[in-house]
Amino acid sequence: MNITRYPPTENKSLRAWSAADEYILKELSGLDTEDKTLAICNDRFGYLGCNLNTLNPFSVVDYKSQEIALRLNMEKNGLQFQSDKILDPLTPAPEKLDFGILHIPKSLDLFRFYLDYLSKSLADDGIVICGFMTRHFSPQLLSIADEYFEEAEQSLAWKKSRTLTLRKKRPAPEHSLINTILYTFKNGTTQEIEQYAGVFSSGNIDYATQFLLESLALNEEENTILDLAAGNGVIARAVQLEKPGAEIHLMDDSFLAVESSKRNLEDGNTHFHWTDSLDEIDDVEFDLVVSNPPFHFGHEVNTEVSVDLFREVAGRLKPGGRFLCVANKHLGYIASLKKFFTTTNILAENKKFIVYEAKKGS
């Protein structure tokens, strides 16, 4: 099959699948899958969904770009995309599963989240097959698997990858899949920020975001504001505290991030967008866009998505509008920002991070 990445990349070393995905298919081919029910988790570009299409699997989708990649790759290979087979990670499978398929994510909390999801929908004799690259192995994978299954069989290495086959599910452990972070904002308000597993960043508000929040000051005329790649929504919450009457939009590619942010903002003039592109937010121009844009995608480092978002932001700012962006210094975003904005300045910097202020001409 011809499987490509979405969004597309110019980095020819980045593929749309790994040997771990191939190994999952290899292991599954030795099992009786006829008339069985499957659900696939963390299939980032649709490689597993396309190759297992004849089994009519459910696809559990966190990223909107993941859903788009699956649809595009199915269409490209002459397969029928069925929207009713797409499930978000908070919607249980509508029928008992014989097989769960999981490409193990980088986040151990997210691995636990997906095992919890699959085990709750799995038949008593159901099987979960997990794949991972050998270099990403952690003993904690086995510890987490043991919380949900009595048997965890690790395969031999093949093409630098392994599988983990889980059988005999245990009763689901009683623990919350929502993490909390206690954070004090500039105005002195202390709040428990809530987020689902796998949402950036676990355990604390990451230092780059904290640095941006220290520098954040709204102008009087900035009333329509977007938190881009909003994560748990802590930046938008800071905006809401400073300017309660503002129209605030939050956008993220991750469903779990969007659902997390809904837990952290007060009701009001707030709008939540589960999308990977500003093109999906209709008829809104912004006075201010704030962002700690992503550059880690699982185990990959890739700035192409961030740079494409810069271009989109420049097209959606009102004349004279601002874009505040925090980034690690080594990413060197200033050259890209200068391509799209009339002026770009450094608003603040320390040894590790820079806050850029980019403006659109009046």
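All of the numbers you see were taken from the coordinates with simple rules; none came from a lab. Everything numeric here is computed off the predicted structure, so don't read it as measured data. Every residue, glycine as well, gets a Cβ built from its backbone with ideal geometry; the counts of neighbours run over all protein chains shown.
Listing for the model above:
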quantity: Loop sites in region 53-96: trypsin sites (Lys or Arg not before Pro), DSSP, at most 13 other Cβ within 10 Å; calculated: Lys96
quantity: Magnitude of the charge dipole, region 52-135, Cβ model with Lys/Arg +1 and Asp/Glu -1, debye to 20; calculated: 340
quantity: Within straight-line cross-link reach of Lys12, lysines at Cα separation under 28 Å, skipping those fewer than 8 residues along the same chain; calculated: Lys26, Lys64, Lys76, Lys106, Lys159, Lys160, Lys329, Lys338, Lys339
quantity: Interchain or long-range residues, amide H under 5 Å from Leu87's placed H; calculated: Ser59, Val60, Val61
quantity: Other-chain or far-sequence residues with amide H under 5 Å of Lys318's (modelled H); calculated: Phe286, Asp287
quantity: Rounded to 5, percent antiparallel among DSSP beta bridges of region 19-169; calculated: 45
quantity: Backbone HN-Hα couplings from phi across region 107-123 [Karplus 6.51/-1.76/1.60, Hz, Gly and Pro as x]; calculated: 6, 5, 4, 6, 4, 4, 4, 5, 5, 4, 4, 5, 5, 5, 9, 7, 4
quantity: Dipole magnitude of the chain about its Cα centre (Cβ charges: Lys, Arg +1; Asp, Glu -1), debye to nearest 20; calculated: 1340
quantity: Where Rh is the Kirkwood radius over Cα pairs, Rg/Rh for region 73-216; calculated: 1.06
quantity: Debye intensity ratio I(q)/I(0), log10, the chain, q values 0.09 Å⁻¹ (C-alpha model); calculated: -0.54
quantity: Reach of Lys169 by Cα under 22 Å, taken over lysines that are not fewer than 8 positions away in the same chain; calculated: Lys36, Lys96, Lys120
quantity: Amide H contacts under 5 Å for Gly46, placed H, 5+ residues apart; calculated: none
quantity: In sequence order, calculated HN-Hα J values of region 326-331 (Karplus, 6.51, -1.76, 1.60; Hz; x Gly/Pro); calculated: 9, 7, 5, 4, 5, 6
quantity: Contact order normalised by residue count of the chain, Cα under 8 Å, 6+ apart, percent; calculated: 12
quantity: Whole-Hz couplings from phi, Karplus 6.51/-1.76/1.60, listed for region 311-317; x for Gly and Pro; calculated: 4, 5, 4, 4, x, 10, 7
quantity: Relative contact order of region 178-359, defined on C-alpha pairs under 8 angstrom at six or more residues apart (%); calculated: 18
